[in-house]
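S.K.: This is the structure, below, for whatever I ask next.
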Protein chains: 2
Amino acid sequence: MSEDIFSRFYGVIPAGGVGSRLWPLSRASAPKFLHDLTSSGSTLIRATYDRLCPVADERIMVVTGQAHRNAVLAQLPELVDLNLVLEPEPKDSAAAIGLAAAILYLRDPETIMGSFAADQVIEPVEVFQDAVREAVLTAATGKIVTIGIHPTHPSTGFGYIQTGELLGVQGAPSARGVEQFVEKPDEDTARQYLARGGFLWNAGMFVAPVALMLQHLKANEPALHDGLMSIALAWNTPERDEVMSRVWPGLPKIAIDYAVAEPAAAAGDVAVVPGVFNWDDVGDFAAIGRLNKAREEEGVTTLGESVRVYADQATGVVYGDRPRVVALIGIDDVIVVDTADALLVTTKEHAQRVKQTVQTLKDQGRVDLL
Amino acid sequence: MSEDIFSRFYGVIPAGGVGSRLWPLSRASAPKFLHDLTSSGSTLIRATYDRLCPVADERIMVVTGQAHRNAVLAQLPELVDLNLVLEPEPKDSAAAIGLAAAILYLRDPETIMGSFAADQVIEPVEVFQDAVREAVLTAATGKIVTIGIHPTHPSTGFGYIQTGELLGVQGAPSARGVEQFVEKPDEDTARQYLARGGFLWNAGMFVAPVALMLQHLKANEPALHDGLMSIALAWNTPERDEVMSRVWPGLPKIAIDYAVAEPAAAAGDVAVVPGVFNWDDVGDFAAIGRLNKAREEEGVTTLGESVRVYADQATGVVYGDRPRVVALIGIDDVIVVDTADALLVTTKEHAQRVKQTVQTLKDQGRVDLL
């Protein structure tokens, strides 16, 4: 029985988002998911694919921007054309995940999809895969299942999931109901969540029957649902590109949380499987320091094969993609990102502010740098 | 009478010293004096030359390394071959200034030379020129005259000159005797000097009859004196290069202060003219911030035509010689020096430590970067 269920599982990897807090390493032309940010030897998207394979076999679909087609295929040469969804322009997560759901639904309405962002770091992978398996079995009972992350600190950067009672699903002993999704809290509220317990980070991982996803999408965003369906109907035909380029630009921009997850939770259709693995969304350069401990030497983490760092009473993170010497003197927790056309110098404390700088560059029309 | 004296004056510009505290801007191949560090439009050596011209006319000799011949001539195209002394290797200031003295002595033993380093910043130039004129008139009475700088803070980076009584030289009302030269003091001693008064910074500016310079050099460093004389005798002959390359490498390395100034002071042969102009030896990148106030915008001083700086809650100095964007976020008093093969990130407070980094690179054999 459960063998049958797993054969219905299809992995979906939305690979969008530039990761502007990682500028100038992460660019519109080479976003976060195309980089190896953990010195593992794999880009984040390749690692995401490999992490899903033991559960999804090669039933994996990628949704990304048209501009990244070649880069993604270079990373995932096994990806077949029908499983590579190329967005003419970004339309937020409901359109990306919804289109994958619609295409998969028309192939097989019994499909259970699992959507996992291309730019997260997870280990151990076996623990993640066990959580996905629990989520698939729970989804098969007619639930949209999110995998929630055990909070390690009172983060104000993530939304939270308030968990409910254990559901007692066969093979999914940790699956629970969901009381509610809550928006990114202030720090006091985040502290209360951790003190009370029963709150998990929303990492945007959803495992659900495609039929149920589409049912909620149709109820909440009928225009989006219908547009995606018309693209999906053309997917396996010569009209695919024509329909895509005609319909996609008019679709509403909305996050999957609002379009599906929250209303579904209110309807009692959402469950959660706690993820007890280490999880990092590599949100800024401070995270890159944390994730590359093995590259740290006397307090300085160096990323990039050809850069050479000389530190004198200095600590921090240096990324360099060219053969240069970087000398750091008398400066702590510094972040230096040295690329061909842009250099960033900041500190771990201010790593989150990089996003504003990118916005400033955008406002000033320096799109060449973004 | 004094017109006669001034026509005997010859300016000498020793252009040596890499300025390793200004690495990686200042290099062995492009030392400090070849840069425009004040955004004046002139390199330091050109500004030094122009500052001397009103006193020395075009009677100016430059002593520099062989490697800098073309760069110096590009800066000073009016320099004639006989006035460009090229050192096969650095031999410290006594050899450089002593050779100039010897060459000038053989041209005219009545010459009064004035030696002024190529990498200092002085203004107003008219006040400097008045001090040089006082020094020339004082030198003509048979003195080695140093121009001492009024200390603006208890620096531990300079030697000091303890001044004596006014000498009452005609046309040089501020000329005084010298009690002694003192080595770079510790901070307490420097504070005492400033509190007591009568102490000036030794900026290495010497104005003296060449005959008197050579007399003291011969007394204290006879081998050096004789070697320099043998080179000077060949200067105006076809043997110049042969003698230079044979004799120079064997000369002792010693500073002019030890070889001439201090023993001459002990003999009562030294005078001082206080320089009441603004003086800076551009000792580190903090100085470059001070000297380029006009280039400061919201706390960030930017040097380099093509670099573009975006600062968000950041202050400091950025030098960039390439068309790059440098983004500074949440970091104060930072110094960023961005060159083709090396990048320095430090703070104003630690600007002096750059010298040690250069030494480390040297010790590790990275001469390509020096």
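Values quoted throughout were computed directly from the atomic coordinates according to the rules given, and no laboratory measurement underlies them. Bear in mind that the values here come from a model prediction, so they are computed numbers and not experimental data. Neighbour counts run over all protein chains shown; Cβ positions are idealised from the backbone, glycine included.
S.K.: Tilt of helix A:92-107 relative to the longest C-alpha principal axis of chain A, in degrees (0 to 90, nearest 10)?
M.R.: Its long axis makes an angle of about 40 degrees.
S.K.: Under 8 Å for C-alpha pairs, at least 6 residues apart: give me the relative contact order for chain B, rounded to a whole percent. Spell out each step's value before the answer.
M.R.: Details: 776 pairs, mean separation 73.1, N = 370.
Value for chain B: 20 percent.
S.K.: Another question, if that's okay. Using just the helices of the protein assembly as shown, give the 222 nm mean residue ellipticity in deg cm²/dmol: DSSP H runs with n ≥ 4 each add -39,500 (n - 2.57), and the total is spread over all residues, rounded to 500.
M.R.: Values: 24 runs with 242 residues, N = 740.
That calculation yields -9500 deg cm²/dmol at 222 nm.
S.K.: Among DSSP beta bridges lying fully in chain A, give the percent that are antiparallel, nearest 5.
M.R.: Details: 29 of 63 bridges.
Here the share of antiparallel DSSP bridges comes out near 45 percent.
S.K.: Same structure again: Among the aspartates and glutamates, which have Cα under 14 Å from the Cα of B:LYS355 when same-chain residues fewer than 8 positions away are ignored?
M.R.: Straight-distance partners of B:LYS355: A:ASP312, B:ASP284, B:ASP363.
S.K.: Pairing the Cα long axis of helix A:210-220 with the longest principal axis of chain A, what angle in degrees results, from 0 to 90 and rounded to the nearest 10?
M.R.: 90
S.K.: As I understand it, the value is the acute angle between the Cα axis of helix B:44-56 and the longest principal axis of the Cα atoms of chain B; what does it come to in degrees, rounded to 10?
M.R.: Computed tilt is about 30 degrees.
S.K.: Calculate how many DSSP beta bridges within region A:285-369 are antiparallel, expressed in % of all such bridges and rounded to the nearest 5. Let's see the in-between values first.
M.R.: Numbers: 7 of 22 bridges.
Restricted to region A:285-369, the bridges split so that about 30 percent are antiparallel.
S.K.: Give a quick list of GluC sites (Glu not before Pro) in region B:137-202 that DSSP marks as loop, anything other than H, G, I, E or B, with at most 16 other Cβ atoms within 10 Å. Display every interim value, and only then the final one.
M.R.: Numbers: sites: B:GLU165, B:GLU179, B:GLU183, B:GLU187; in loops: B:GLU183.
Passing both the DSSP loop test and the Cβ count: B:GLU183.
S.K.: Still on this structure: Can you give the charge dipole size of chain B about its Cα centre, rounded to the nearest 20 debye, using +1 on the beta carbon of Lys and Arg and -1 on the beta carbon of Asp and Glu? Working shown, then result.
M.R.: Numbers: 31 positive and 48 negative charges, 75 e Å.
Once rounded to the nearest 20, the dipole reads 360 debye.
S.K.: Could you list B:LYS362, A:LYS348 so that the one with the fewest beta carbons within 10 Å of its beta carbon is first and the one with the most is last? Numbers along the way, then the final one.
M.R.: Values: B:LYS362 13, A:LYS348 21.
Ranking B:LYS362, A:LYS348 by Cβ neighbours within 10 Å, fewest first, gives B:LYS362, A:LYS348.
S.K.: How many nanometers, to one decimal and shortest first, lie between the label point of B:SER245 and those of its other copies, if labels sit 7 Å from Cα toward Cβ?
M.R.: B:SER245 label point versus its equivalents elsewhere: 7.0 nm.
S.K.: Considering only Cα-Cα distances, which of the following residue pairs are longer than 25 Å: B:LYS253/B:LYS362; A:LYS184/A:LYS253; A:LYS32/A:LYS218; A:LYS293/A:LYS348? Display every interim value, and only then the final one.
M.R.: On the way: B:LYS253/B:LYS362 20 Å; A:LYS184/A:LYS253 20 Å; A:LYS32/A:LYS218 32 Å; A:LYS293/A:LYS348 15 Å.
Cα-Cα > 25 Å for A:LYS32/A:LYS218; rest within.
S.K.: Kindly provide the pair-distance distribution of chain A built from C-alpha pairs, with 20 Å bins from 0 and whole-percent values in order of increasing distance.
M.R.: Per 20 Å bin, starting at zero, the Cα-Cα P(r) for chain A comes out as 28, 57, 15, 0 percent.
S.K.: Out of A:ASN278, A:THR141, A:MET244, whose Cα points farthest toward the positive end of the dipole of region A:2-280 (charges: +1 Lys, Arg; -1 Asp, Glu; placed on Cβ)?
M.R.: My answer, from the dipole projection, is A:MET244.
S.K.: State, to one decimal in nm, how far the label point of A:LYS362 lies from the label point of B:ALA211, with both points 7 Å from Cα in the Cβ direction.
M.R.: 7.9
S.K.: So, one more: Could you work out how far the C-alpha centroid of region B:67-138 sits from that of region A:323-370, in angstrom?
M.R.: 44
S.K.: Oh, and also: Let me know the mean shielding of A:334-347 by other chains, meaning the per-residue number of their Cβ atoms within 10 Å of its Cβ. Working shown, then result.
M.R.: On the way: counts 5, 4, 3, 1, 4, 2, 2, 4, 6, 14, 6, 16, 9, 6.
What the average comes to for A:334-347 is 6.
S.K.: Starting from the Kirkwood Rh over alpha-carbon pairs, what translational D in µm² s⁻¹ does the protein assembly as shown have by Stokes-Einstein at 20 °C and 1.002 mPa s? It would help to have the intermediate numbers written out before the result.
M.R.: Values: Rh = 30.6 Å.
In µm²/s, the coefficient rounds to 70.
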